[in-house]
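Worksheet: one structure, shown below.
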Amino acid sequence: MFVQVAFPISSYQTFTYKVPETFQKSIQVGIRVKTSFGKRVVVGIVVGISKMNSFKGKTKSISDVVDSSPILSKHLWNVILWMSQYYLTPLGQVAKSVLPASLSLKYKPPIKWMVEICDSFTEENLLSIPVRAKAQATIAEILYHSKKRTLITTLNEYVSNPLDICRKLKSKGFVRMSEIVSPPDVTGFTFDPVQKKIKFNKEQAETIDKISKAISNNIYQPFLLHGVTGSGKTEIYIEAARNAIQSGKTVIILLPEISLTPQIAGRFRSVFGEEVALWHSKLTPAQRAWTWKEICSDTFKVVIGARSAIFSPLKKVGLIVIDEEQESSFKQEAPAPRYHARDVALVRGRYEKSAVVLASATPSLESYYNQILGKLDLLHLSKRFGGAKYPQTHIVDMIKDQEESGKYGLILSGLLQDKIEDRLGKGEQVILLQNRRGYSPVMRCGDCGEVVSCRHCNVSLTFHRNKKKLICHYCGYSPDGISESCNSCHSPNMKFFGTGTQRVESILEETFPKAKIKRLDLDTTKSGAKITAILQSFEKGEIDILIGTQMIAKGLDFSNATLVGIINADVGLHLPDFRAGERIFQLIYQASGRAGRRSKLGEVVIQTYNSENPVIKKAAKLDLKAYYNIIMSERKELNYPPFSWIAKVVFTGQNQQSVENSSLKMMQMLKGRFKGLDVLGPAPCYFEKLRGNYRTQIVFKISRELDPNGKKLHSFLEKNFFETQMKSNHIKMSVNVNPLSLL
Ligand code: ADP
Ligand code: ZN
Ligand code: ZN
């Protein structure tokens, strides 16, 4: 018997090994084995089994078997193969990024104790408990009346040491105790479950019906679920998941942002309980390994997580949902494989024969167009659930506002300030979006204009007031202290420009001293528990104003939030990227969608210095169709996606000259090979220098008319880049298929 083994190394070959007699019974595709590779002992994954050996050279034997059951399914292996080919990344490297780094067995998830009253327990037993053992009597009585298996920690409402008390009752033969294993971070990272009565309206019921049909018919069917904010998309995922589980299948839900996890996981857990696993960046490697193994042994039916949850080793996947499918966080930009979880989901869905639902109130233009082409089936939810109205929006032209009031540099317009005041008076809640963290994004000399920049990146440093530090948001570099004079002209006239969330927070605290204000951005949410705590306390009404970055702009559902303020709608508007406008539109539209999701009417105040800009104007009217029509024709004219396929090749290195030279050399080498392709560059990237490396790029583009499925572009890349190694090892070259950003 022979096996083909893949290793997590930069190589896209698999290697053949002999299987000694003793291991032959335990060999399966998907288990890990130990082998010698060169001089080292390496762990690899069995990806094939054969009787014959087609390899002519000397064949070594495997030295051990690591797993007793597969850690990978056939479909998942096919997905890995596809990714390697499509994203031009060595197979081993793809496998390495898909599988959790160490499948260690060290992690033991927390155990929780449950207790219930014994069937034989009677009223007399209760009376037999002595008066001085009051706590025992209390607990026995509660359990006797409830007759339910109860989590012991929840009894601390009644007594201070419930576990001890239950042990005493157990020794008397009154109660039974049992253990349950609590999956990592599932309980600590979810809202308290609430039971909700759900009655679907006609539109919702039809939507569920179509998805469920695909699931029960065992066919691959990709959908675009385009439903306005508050139309009940999340309830639809839950119902479709229920149907999938009922027909013996499993479910993957991808969320774009960790801040969405607690609320949505809470909603799923209130329905599916312990069958829900979370997969996100805050899990430790050991927790990941444990979760992965448990998924392999069918402990969970639903996995909810970030983009890498698309690789969870569930079997019989019947439903994959990509919530807010337009979000750029689904694309892994670095390291390779530079995959898009949406594309991977569609491919996995095809192998698994499952329903794949791309869902959003603001679909990506790609999906929007794919639906027009008939590649995705449209499911449309046209109205908010329960008659909730769409919010009323106001645009504030900050330039006019300042001229009229005579006050310059204000962060809050008069209108926004009045509206916040009004909500605070009524006991309603406010969400404020400022899509920039820190206090101030720019520190500049008032005399010569020199900006204080990162020494490793060509970007300005952001001032963080509570740490009293300047920090680079790209590489994390922070100089010692803040220099009091200009590096260039030595003037002491240094000033802060621009506004981040910290600055908005401090202005709010001055303006509304009585209000309870919390900030949610990367700086306040180092732990998952912190995110959960802030959001949960906002939901409970303990916070009046929640200020945050795009983390708070989408997906969240708060019943009492009736005002959304967008402090500066222009952040990022002028970036030279063809998707800049689309992103801002989606952000404004999504943020507006947080207002007035129940009976009370919501309002949105959008502050801008570009009130005539079509993106801002259409977003303020929440007029998706009009805006999408505008950008579709723009994209068509400029031959950008979705009307074309693009790929980006980036050169990086510490020496600016050699980076430029290598990209030029590459261009010369490729001359004459790109028939039909548009080639842009080589040119310095917008972010010319990041983390000490200079960057140049070449962008390749071909219209869909010439290349309907992107095959021509792909084979061009394959021929020229897959196996090309740069001669100089000081320069790195990376290929990005379907890049989301050209900066
Ligand atoms: P979306 O994900 O589209 O923004 P949600 O699923 O969050 O919308 O729904 C908005 C609110 O309306 C949620 O609180 C949700 O529980 C409630 N809701 C939606 N559909 C129903 C229904 N059929 N019955 C009861 N409540 C519903
Ligand atoms: Zn200066
Ligand atoms: Zn930096």
Practice task
Can you tell me the relative contact order of the chain? Whole percent, Cα pairs under 8 Å, sequence separation 6 or more.
Solution key: 11 percent
Completion exercise
Percent antiparallel among DSSP beta bridges confined to the chain, rounded to 5, stands at 55 percent
Handout entry: Probe 1.4 Å, protein heavy atoms only - accessible area per residue of segment 111-181 in square angstrom
Key = 64 Å²
Problem - Three-way shape call for the chain based on the alpha-carbon gyration tensor, with the a/c threshold at 1.5 - result: oblate
Completion exercise
Square roots of five times the C-alpha gyration tensor eigenvalues of segment 45-168, ordered largest first and given in whole Å, equal 59, 17, 13
Completion exercise
Too long for a 27 Å Cα-Cα cut-off, among 108/331; 112/282; 112/148, are 108/331
Completion exercise
Number of Lys pairs in segment 643-737 closer than 14 Å at Cα, excluding neighbours under 8 places apart unless interchain, is 13
Completion exercise
The percentage of the accessible area of segment 202-334 (probe 1.4 Å, all protein chains present) made up of carbon and sulfur atoms, to the nearest whole number, is 49 percent
Completion exercise
Listed by chain and number, the lysines with an alpha carbon less than 17 angstrom from that of residue 316, same-chain partners under 8 positions apart left out, are 74, 213, 249, 293, 301, 353
Exercise for the section: Send over a whole-number figure in Å² for the accessible area per residue of segment 643-737, probe 1.4 Å. Expected result: 55 Å²
Problem - Solvent-accessible area, 1.4 Å probe, carbon plus sulfur percent, for segment 2-98 - result: 56 percent
Handout entry: By average C-beta atoms within 10 angstrom, highest first, the peptides 389-402, 311-324, 531-544
Key = 311-324, 531-544, 389-402
Completion exercise
Whole-Å distance linking the alpha carbon centroid of segment 524-555 with that of segment 107-163 is 35 Å
Fill in the blank from the handout: Given all pairs of distinct Cα atoms, segment 2-98 yields a Kirkwood Rh in Å of 13.6 Å
Exercise for the section: Mind running the shape call on segment 191-385? Use the C-alpha gyration tensor, a ≥ b ≥ c as the square roots of the eigenvalues: rounded below 1.5 for a/c, prolate if a/b tops b/c, oblate otherwise. Expected result: rounded
Completion exercise
In whole percent, the fraction of accessible protein surface over segment 111-181 that belongs to carbon or sulfur atoms, probe radius 1.4 Å, stands at 52 percent
Fill in the blank from the handout: Counting Lys and Arg as +1 and Asp and Glu as -1 over every other residue whose Cβ sits under 11 Å from the Cβ of residue 133, the net charge comes to +4
Exercise for the section: Would you please give the FRET efficiency between residue 484 and residue 333, computed as 1/(1 + (r/R0)^6) with r the Cβ-Cβ distance and R0 = 30 Å, to the nearest 0.05? Expected result: 0.20
Fill in the blank from the handout: Classified through the alpha carbon gyration tensor (a ≥ b ≥ c as square roots of its eigenvalues; rounded if a/c is under 1.5, else prolate when a/b is larger than b/c, else oblate), segment 337-452 comes out oblate
Fill in the blank from the handout: Given a 1.4 Å probe, the accessible area of segment 501-553 per residue, as a whole number of Å², is 40 Å²
Practice task
Report the one residue of 335, 684, 463 whose Cα lies farthest in the direction of the positive end of the charge dipole of the chain (charges on C-beta: Lys and Arg +1, Asp and Glu -1; origin at the Cα centre).
Solution key: 335
Exercise for the section: Mind checking which aspartates and glutamates have their Cα closer than 12 Å to the Cα of residue 600? Skip sequence neighbours fewer than 8 apart in that chain. Expected result: 428
Handout entry: Ranked by how many other beta carbons lie within 10 Å on average, peptides 714-720, 138-144 from highest
Key = 138-144, 714-720
Handout entry: Estimated inter-spin distance, residue 526 and residue 465, nm [label 7 Å along Cα→Cβ]
Key = 2.1 nm
Exercise for the section: Run down the aspartates and glutamates and flag those whose C-alpha is under 20 Å from the C-alpha of residue 400, throwing out any fewer than 8 positions away in its chain. Expected result: 418, 570, 612
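The values are calculated or read from the model by the stated rules, or taken from the named source; none is laboratory data. Just so you know, these numbers come straight off a predicted model, no measurement behind them. Note that we place each Cβ from the backbone using ideal geometry, even for glycine, and neighbour counts take in every protein chain shown. To get the accessible areas, we keep the full protein, side chains included, count just its heavy atoms, and leave off ligands, DNA and RNA. Shrake-Rupley method; radii C 1.70, N 1.55, O 1.52, S 1.80 Å.
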